[in-house]
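Worksheet for the structure shown next.
The values are calculated or read from the model by the stated rules, or taken from the named source; none is laboratory data. Owing to the predicted nature of the structure, the values given are computational and were not obtained by experimental measurement. Ideal geometry is used to build each Cβ from the backbone, glycine not excepted, and the neighbour counts take in all protein chains shown.
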Amino acid sequence: MGIVQDGSSTTHEEELDISDDRVEIAYQEVKDLPQCPRCGSGLLRPGVVWFNESLPPRVLKEVDEFIKQSNKIDLILVIGTSAKVYPAAGYIDEARDKGARVAVINMDKDDIPGGRNGLDKGDWFFQGDASLILPDILKGEIGDISNKMHEEQQ
């Protein structure tokens, strides 16, 4: 979900599902996009990996080291990706080799991880919006944050 503004003169914010290609998103001028606070000329970007981009080398190194140094891994969360592109796709099998169960959260029911194992009995697939599902399945560890999230949106 994302917050976008309509193009009218009065600011009216509405929550739209920007993953739905039927939702029209108003054009934004470059000057209205978030700018880098250091240089003031570059655009800020979200902390996501877009299609055809590689994960940052630092992240790859940290994940590789974590898996290598771990004797046992209980769970690997696969959130918002088909996990069919390497090297990230290989993390599922590597974690599973160390005992991990797999929990997938994805909007598309057909985006089940590939690899040699896919999903096994005892793994989980949650279809829907990760921003709603993740707090719910982690409630036992992080507490109920639904009221806090609702308050922040208002």
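Can you tell me which residues in region 85-133 are among the aliphatic types (A, V, I, L, M), over 20 Å from TRP50 (Cβ atoms) and assigned to a helix (DSSP H, G or I)?
ILE92, ALA95, LEU132, ILE133 - these are the residues of region 85-133 that are among the aliphatic types (A, V, I, L, M), over 20 Å from TRP50 (Cβ atoms) and assigned to a helix (DSSP H, G or I).
Residues that are touching a Phe, Trp or Tyr at 6+ places or on another chain (Cβ under 8 Å) and modelled with pLDDT of 90 or more: does region 110-132 have at least one?
no
When only residues in region 37-88 that are surrounded by fewer than 10 Cβ atoms within 10 Å (Cβ to Cβ) and among the polar types (S, T, N, Q) count, which is nearest to the chain's Cα centre (by Cα)?
Within region 37-88, the match that is nearest to the chain's Cα centre (by Cα) is ASN52.
Which is farther than 28 Å from SER19 by Cα and touching a strand residue (DSSP E or B) at 6+ places or on another chain (Cβ under 8 Å), of ASP74, ASP64?
Within the list ASP74, ASP64, the selection yields ASP74.
Every residue, every condition in (1) modelled with pLDDT of 85 or more; (2) touching a Gly at 6+ places or on another chain (Cβ under 6 Å); (3) assigned to a loop (DSSP other than H, G, I, E, B); (4) more than 25 Å from GLY90 (Cβ to Cβ), yes or no:
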site: SER19; (1), (2), (3), (4): no, no, yes, yes
site: ALA26; (1), (2), (3), (4): no, yes, yes, yes
site: ARG45; (1), (2), (3), (4): no, no, yes, yes
site: PHE51; (1), (2), (3), (4): no, no, yes, no
site: LYS72; (1), (2), (3), (4): yes, yes, yes, no
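Since CYS39 meets every condition but one in (1) within 30 Å of ASP97 (Cα to Cα); (2) at pLDDT 80 or above; (3) not assigned by TED's automatic domain parsing to the domain that holds ASP97, which condition does it not meet?
Unmet for CYS39, out of (1) within 30 Å of ASP97 (Cα to Cα); (2) at pLDDT 80 or above; (3) not assigned by TED's automatic domain parsing to the domain that holds ASP97: (1).
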